[in-house]
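Take a look at the structure set out below.
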Amino acid sequence: EDKVVQSPLSLVVHEGDTVTLNCSYEVTNFRSLLWYKQEKKAPTFLFMLTSSGIEKKSGRLSSILDKKELFSILNITATQTGDSAVYLCAVDARLYNTDKLIFGTGTRLQVFP
Amino acid sequence: DAGVIQSPRHEVTEMGQEVTLRCKPISGHNSLFWYRQTMMRGLELLIYFNNNVPIDDSGMPEDRFSAKMPNASFSTLKIQPSEPRDSAVYFCASSLGSRLAGVPDTQYFGPGTRLTVL
């Protein structure tokens, strides 16, 4: 059965800290891995990763994929209170005509001043 | 672009009532997805459409749930009769639905409908 596992489930840090969120996966037909940020409403898209070893970067956020070891990490440097959210990892495991995204349960990040 | 539009944003109803959730995908997107999110189970895919045709409804919990997409710009998710355990946030998402090899597809989410069944 395809699955996506995120760790830790929850993280509490102070502003300025650096955090690393983990996502491991086991899927039959990997196409891409996506990171989303969910605050109080809908998930918003952060990154899509398709190739191993190529870092995607957006401001203080960066992510990288390891297709050999089947995991991805999301790094946030110099955290701010606005980074507080649930971070969701999802894998596009399309097979034939299926377009399913398989989501992990998320990591809840709380950043305190 | 207005993004994915969902209505209503909040719905409170009594057990046994029919509930209809609505979604307008991003213009030009060919795939539409309905998700349910709860604290216990996280984000679950219920059903998705490609070019208005239901492709995979294996996530639909039971016969009380049904979804339609009569045209490219509108979809509904109906629960009849509703039960308290249906209380959740229901998200609609859309994507280009590209099936081209090597072309990844990103889903964009609507704001969600928070459903409470008393």
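Relative contact order for chain A: 37 percent, from Cα pairs under 8 Å spaced at least 6 residues apart, divided by residue count. For A:K40, the aspartates and glutamates whose Cα comes closer than 14 Å to its Cα, not counting residues fewer than 8 places off in the same chain, are A:D83.
Highest mean packing first, where packing is the average number of other Cβ atoms within 10 Å per residue, the peptides A:43-56, B:9-22 line up as A:43-56, B:9-22.
Compute the signed sum of charges (Lys and Arg +1, Asp and Glu -1) over the other residues within less than 15 Å, Cβ to Cβ, of B:V117. It would help to have the intermediate numbers written out before the result.
Details: positive: B:R36, B:R64, B:K78, B:R85, B:R114; negative: B:E11, B:E14, B:E18, B:E62, B:E83, B:D86.
My count for the surroundings of B:V117 gives -1.
Take the Cα of B:L118, step 7 Å along the line toward its Cβ, and report every residue of the stretch B:1-20 whose backbone nitrogen sits under 14 Å from that point. Backbone N within reach: B:11-17.
Using a cut-off of 22 Å between alpha-carbon atoms, which lysines can reach B:K68, once sequence neighbours fewer than 8 places away in the same chain are excluded? B:K68 reaches A:K100, B:K24, B:K78.
Counting only Cα atoms, chain A measures 47, 28, 20 Å along its principal axes, largest extent leading.
Taking other residues whose beta carbon is less than 12 angstrom from the beta carbon of A:T105, and scoring Lys, Arg as +1 and Asp, Glu as -1, yields +2.
Peptide B:83-91: average number of partner chain Cβ atoms within 10 Å per residue? Could you put the intermediate results ahead of the total?
On the way: counts 0, 0, 0, 0, 0, 0, 2, 0, 4.
Taking the mean over all residues of the peptide, I get 1.
FYI, it's all coordinate maths here, none of it is from the lab. Computed from a predicted model, the values in this text were never measured in an experiment. Glycine also receives a Cβ, built like all others from the backbone with ideal geometry; neighbour counts cover every protein chain displayed.
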